[in-house]
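Let me begin by presenting the structure, written as structure tokens, before commenting on it.
The values are calculated or read from the model by the stated rules, or taken from the named source; none is laboratory data. Model, not experiment: these values are computed from the prediction. No Cβ is skipped: glycine too gets one built from the backbone with ideal geometry, and neighbour counts run over all protein chains shown. What goes into the accessible areas is simple: the full protein's heavy atoms, side chains included, and nothing from ligands, DNA or RNA. Shrake-Rupley method; radii C 1.70, N 1.55, O 1.52, S 1.80 Å.
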Amino acid sequence: MYAMQYELTLPADYDMEIIRKRVRNGGHRTDGFPGLGIKAYLIRERGIDGSPVNQYAPFYVWRDIGGMNEFLWGGGWFTRIVEDFGRPPVRHWTGVDFRPGPANPTTPRYATKHVEQLAPGVDPAEPVRAAREELRDLPPGVRSVMLAVDPQQWELVRFTLWTETPPEATGTRYEVLHLSSGNA
């Protein structure tokens, strides 16, 4: 299991309706994509929910690397992003855990991404174990949560889909425009 995200930070005066329309018209294309667990089409809008930027930032959970490879360099998928916005850096993390929450399978309205830097020199096994333990008691309103690690930067990432407004201290907050699920 792998997690992946690219963030397209757009000009402050960018009309975010352009992104909303793009997702309305094309978001369904990744429904059923081979190897995809989920794709959350996410935006942040300047001045809303404390966001300082306009941003399009889809987040992916891949069941296998073959689907991720097909999306990134199989032609026609990521190519559309590159043609329209240039080639952004693509962050990716090794998946640790994915859990449905109490609100599963309700359609999410929000997402949060919480990034925790693992202390230098510390064996990552303990903080990862503790983070997995925290996933046992998910609060109401959680549709699902993904836990992943970037072993180059030693960051622990918790990506959560919410069906209701998330608590304030949960990390970077996004609006979910569409959620695609892939084929098993």
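Looking for something more than 14 Å from Phe159 (Cα to Cα), of a type in the set (Asp, Glu) and open to solvent by 10 Å² or more (accessible area, probe 1.4 Å) - is there at least one such residue anywhere in segment 108-125? Yes.
Of the residues making up segment 78-107, those that are in contact with a Ser or Thr (Cβ under 8 Å, 6 or more places away or on another chain), in a loop (DSSP other than H, G, I, E, B) and surrounded by 13 or more Cβ atoms within 10 Å (Cβ to Cβ) number 4. None of Asp64, Asp49, Asp97 is modelled with pLDDT of 95 or more and out of contact with any Pro (no Cβ under 7 Å at 6 or more places or on another chain) except Asp97. Can you confirm whether Ala169 is open to solvent by 30 Å² or more (accessible area, probe 1.4 Å), of a type outside the set (Val, Ile, Thr) and over 18 Å from the mean Cα position of the chain (by Cα)? No; evaluated as a whole, the condition is false for this residue. For segment 1-39, the set of residues classified as hydrophobic (A, V, I, L, M, F, W, C), open to solvent by less than 50 Å² (accessible area, probe 1.4 Å) and over 28 Å from Leu156 (Cα atoms) consists of Met16, Ile19, Val23, listed by residue number. Number of residues in segment 40-54 that are more than 22 Å from Tyr2 (Cβ to Cβ) and either within 11 Å of the chain's Cα centre (by Cα) or surrounded by fewer than 21 Cβ atoms within 10 Å (Cβ to Cβ) (or both) equals 10. Annotation note: Cβ proximity below 7 Å between a residue of segment 158-176 that is over 23 Å from Gly95 (Cα atoms) and touching a residue at least 24 places away in the same chain (Cβ under 8 Å) and a residue that is outside any loop (DSSP other than H, G, I, E, B) and hydroxyl-bearing (Ser, Thr, Tyr) (sequence gap 6+ or interchain) occurs for Thr165/Tyr110. Screening segment 126-144 for residues that are hydrophobic (A, V, I, L, M, F, W, C) and touching a Lys or Arg at 6+ places or on another chain (Cβ under 9 Å) and picking the one that is most open to solvent (accessible area, probe 1.4 Å) gives Leu138. For segment 60-77: of the residues being open to solvent by less than 60 Å² (accessible area, probe 1.4 Å) and assigned to a helix (DSSP H, G or I), which is nearest to Pro127 (Cα to Cα)? Step by step, filter segment 60-77, then rank; the result is Met68.
Inside segment 34-59, residues that are touching a helix residue (DSSP H, G or I) at 6+ places or on another chain (Cβ under 7 Å) and either in a loop (DSSP other than H, G, I, E, B) or not aliphatic (A, V, I, L, M) (or both) make up a count of 5.
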